[in-house]
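Accompanying notes for the structure given below.
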Amino acid sequence: MAVDTEVSQDGEKLTIKVKGRFDFGKHLEFRNAYEHQRCASSVVVDLREATYLDSSALGMLLMLRDHVGGDEADVRVINTNPDVRKILAIANFDKLFDIS
C-alpha cells in the first residue's frame, strides 16, 4: 500500500506513512487511514518516502486536521524532504502544523 498506518499501543498516537506521490490518487487511502481508526489524540504524518505533493495533498492534510480537532489538533508532519518542505512553507502550512 502507498499509505500505511500504525497506532501506538496506548491508542493515543496514529502514524500515517505516505509513500511515493502524495496527490489526489491517494485521497481515499489517506482518508481511510484516519477515519477508520479510533480517535487518537495525536497524529503524525510521516513523509519520509513521499517524493511529491500537490494541492490536493494540502487539502487532505487540512481535512485530517479538521477531523482530529481543528485549531486544537496535534498533527505533525515529519521527515519532509527539502522539496516537500518548500511546498509546505509556500502554502504557510508551517503556521498550521508542526513540520520537521
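At a glance:
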| item | result |
| --- | --- |
| Selection from Leu96, His27, Leu53, by position along the positive dipole direction of the chain (Cβ) | Leu53 |
| Relative contact order %, the chain, counting alpha carbon pairs below 8 Å whose residues are six or more apart | 26 |
| Taking only Cα atoms of the chain, radius of gyration then Dmax in Å | 12.2, 36 |
| Gained length - His27 relative to Ile78, 0.36 nm times residue gap less alpha-carbon distance | 16.5 nm |
| Long-range HN-HN contacts of Asp46 with modeled amide H, under 5 Å | Ile16, Lys17, Val18, Ile78 |
| Size of electric dipole in the chain: Cβ of Lys, Arg +1 and of Asp, Glu -1, about Cα centre, debye, nearest 20 | 280 |
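Since every read-out is calculated from the coordinates, none of them should be taken as a lab result. This is a predicted model, so every value here is computed, not measured. Heads up, the Cβs are rebuilt from the backbone with ideal geometry, glycines too, and the neighbour counts pull from every protein chain shown.
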